[in-house]
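A short worksheet on the structure shown next.
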Amino acid sequence: MPGEPSNLMCDTKHLPPEHSDVVIVGGGVVGLSVAFWLKKLEKRQGAIRVLVVERDHTYSKASTGLSVGGIRQQFSLPQNVQLSLFSVDFLRNINEYLAVVDGPPLDLQFNPLGYLLLASEKGAAVLETNVKMQRQEGAKISLMSPEQLQKKFPWINTEGVALASYGLENEGWFDPWSLLQGLRRKVQSMGVLFCEGEVTRFITSSNSMRNSDGEEVNLKRIHEVHVKMDNSLEYQPVECAIVVNAAGAWSGQLAELAGIGKGPPGTLEGTKLPVEPRKRFVYLWHCPQGPGLETPLVTDTSGVYFRREGLSNNYVGGRSPTEEEEPDPADLEVDHDFFQNKVWPHLAQRVPAFEALKVHSAWAGYYDYNTFDQNGVVGPHPLVVNMYFASGFSGHGLQHAPGVGRAVAEVLLGGCFQTIDMTPFLFSRFYLEEKVLEQNII
């Protein structure tokens, strides 16, 4: 479980190698997916030396293990729908991708019960537009009137609901911890190296050139990564050709370490990676008369969501806070009043049986929150030319990790995106102020 030492980490006490072609900073599901696809797509086995640096081998604060594990196609951007469609194929055929010789098969405990998104009169038109696009991309999504909703899910109070969208296949939830461990096991078998430590410094060189407008720009290249080992004041230098920033909620800080955003305001050099940790609460409750085994993951018009957990009338859920309600991300303490005041009233209004629920436990985790447009950042930095990003997914990194890892590996090995065009997700959009806004953030 998250927070417990992993038996797959027996090699992490060793020092990292002195040289690695690629250093991936962040050993969560996204970083591991990049490592997997780099090794899978390399032209010759063993051609690329990959090192994954992870500062917490227990994953006690990693977003992966603290996630509710949802996967859906109900997004507002075509690229996110495409990523989800690929990811669900990856998850359904997980042992074709991640099987290891003589290892037991992986069971991700995939529950294909769908997502049910509820919209008020105000949000109905947007929901309908989104579903039209999702269907064009190949997702099987049904629109439901309040009457149809009531008939299929009699436990729902449809008051205030004008329209609903329901995923008919390839949506639901799975066990994130199993995916994390499966990826770790597989990439280790492929020769990926692991190191427990924290990246504290980049050694770079710079080169001035003029752009097409005649302005002087400073190009930087990272030559060496300094890794501070656990329980030590020493650091270990690692020479490298490529750095992948998959540091999740801390990827903004890592980018700053490489000098990104340190230039004059309003310039490309002064443009920061706008990713920061945002704390999110997940609550687990019991309700004897709650919705039954066919219950999808429900997202209410209020933003409150819930799903079943297991077979014993347990449920997990929560709600993203408003900007004014954002909790201090300095620790992972749970605010129980937030459930009492901001979550439960909406749950009980939508599902009257939840009047009688009893909270059993709760935890908090981090979103790698992109404050600019709540979407991922994928691909190289325009000025720090050998730093590549895979971060900023604002809560959907876990479900998109298989496709994101493949996209980063494609652009790193081949110079361009090949299977899904992720060009709108490049870093340059922050400087150009071109938002790629994802509306369906849960």
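The values are calculated or read from the model by the stated rules, or taken from the named source; none is laboratory data. Remember, it's a predicted structure, so these values are computed and weren't measured experimentally. Please note: Cβ atoms are built from the backbone with ideal geometry, for glycine as well, and neighbour counts cover all protein chains shown. When the accessible area is computed, the model is the full protein with side chains, heavy atoms only, and any ligands, DNA or RNA have been set aside. Shrake-Rupley method; radii C 1.70, N 1.55, O 1.52, S 1.80 Å.
For this structure, a couple of remarks:
- The numbered conditions (1) under 30 Å from Arg319 (Cβ atoms); (2) free of Cβ contacts under 8 Å to residues at least 40 places away in the same chain are all true for Val411 except (1).
- Residue, farthest from Arg72 (Cα to Cα), within the stretch 125-137, restricted to residues that are surrounded by 17 or more Cβ atoms within 10 Å (Cβ to Cβ) and aliphatic (A, V, I, L, M): Leu127
- Here Arg49 fulfils each of the conditions (1) of a type in the set (Lys, Arg); (2) in contact with a helix residue (DSSP H, G or I) (Cβ under 8 Å, 6 or more places away or on another chain); (3) closer than 30 Å to Arg221 by Cβ apart from (2).
- Residue, least open to solvent (accessible area, probe 1.4 Å), within the stretch 333-345, restricted to residues that are under 27 Å from Trp250 (Cβ atoms) and of a type in the set (Asp, Glu): Asp335
- Only one entry in Ala330, Ala348, Ala353 is touching a helix residue (DSSP H, G or I) at 6+ places or on another chain (Cβ under 6 Å) and either open to solvent by 30 Å² or more (accessible area, probe 1.4 Å) or free of Cβ contacts under 8 Å to residues at least 12 places away in the same chain (or both), namely Ala348.
- Residue in the stretch 186-242 that is surrounded by the most Cβ atoms within 10 Å (Cβ to Cβ), counting only those that are out of contact with any strand residue (DSSP E or B) (no Cβ under 9 Å at 6 or more places or on another chain) and free of Cβ contacts under 8 Å to residues at least 24 places away in the same chain: Glu215
- The number of residues in the stretch 162-173 that are open to solvent by less than 10 Å² (accessible area, probe 1.4 Å) and of a type outside the set (Asp, Glu) comes to 4.
- Test: residue in the stretch 386-395 that is modelled with pLDDT under 95 and open to solvent by 30 Å² or more (accessible area, probe 1.4 Å): yes
- The single residue among Ser232, Ser251 that is among the small types (Gly, Ala, Ser) and outside any helix (DSSP H, G or I) turns out to be Ser232.
- Ser320, sole failed condition from (1) at pLDDT below 95; (2) open to solvent by 40 Å² or more (accessible area, probe 1.4 Å): (2)
- Residue within the stretch 140-150 that is in a loop (DSSP other than H, G, I, E, B) and surrounded by 20 or more Cβ atoms within 10 Å (Cβ to Cβ) present: no
- Test: residue in the stretch 85-100 that is under 19 Å from Phe194 (Cβ atoms) and surrounded by fewer than 22 Cβ atoms within 10 Å (Cβ to Cβ): yes
- Taking the listed residues Val225, Val238, the one that is touching a Pro at 6+ places or on another chain (Cβ under 7 Å), assigned to a strand (DSSP E or B) and not polar (S, T, N, Q) is Val238, with no other qualifying.
- Among the residues listed as Ile420, Ile441, the single one being closer than 17 Å to Leu77 by Cβ, open to solvent by 20 Å² or more (accessible area, probe 1.4 Å) and not charged (D, E, K, R): Ile441
- Residues that are assigned to a loop (DSSP other than H, G, I, E, B), of a type outside the set (Ser, Thr, Tyr) and buried (at least 23 other Cβ atoms within 10 Å of the Cβ), drawn from the stretch 49-84: Ala62, Gly65, Gly69, Arg72, Gln73, Gln74, Phe75
- Scope the stretch 356-384; condition farther than 22 Å from Gly397 by Cα and open to solvent by less than 40 Å² (accessible area, probe 1.4 Å); matching residues: Leu357, Leu383, Val384
- When each of Phe306, Phe281, Phe339 is tested for being within 26 Å of Ser60 (Cα to Cα), touching a Gly at 6+ places or on another chain (Cβ under 9 Å), among the aromatic types (Phe, Trp, Tyr) and not in a strand (DSSP E or B), the lone residue that passes is Phe339.
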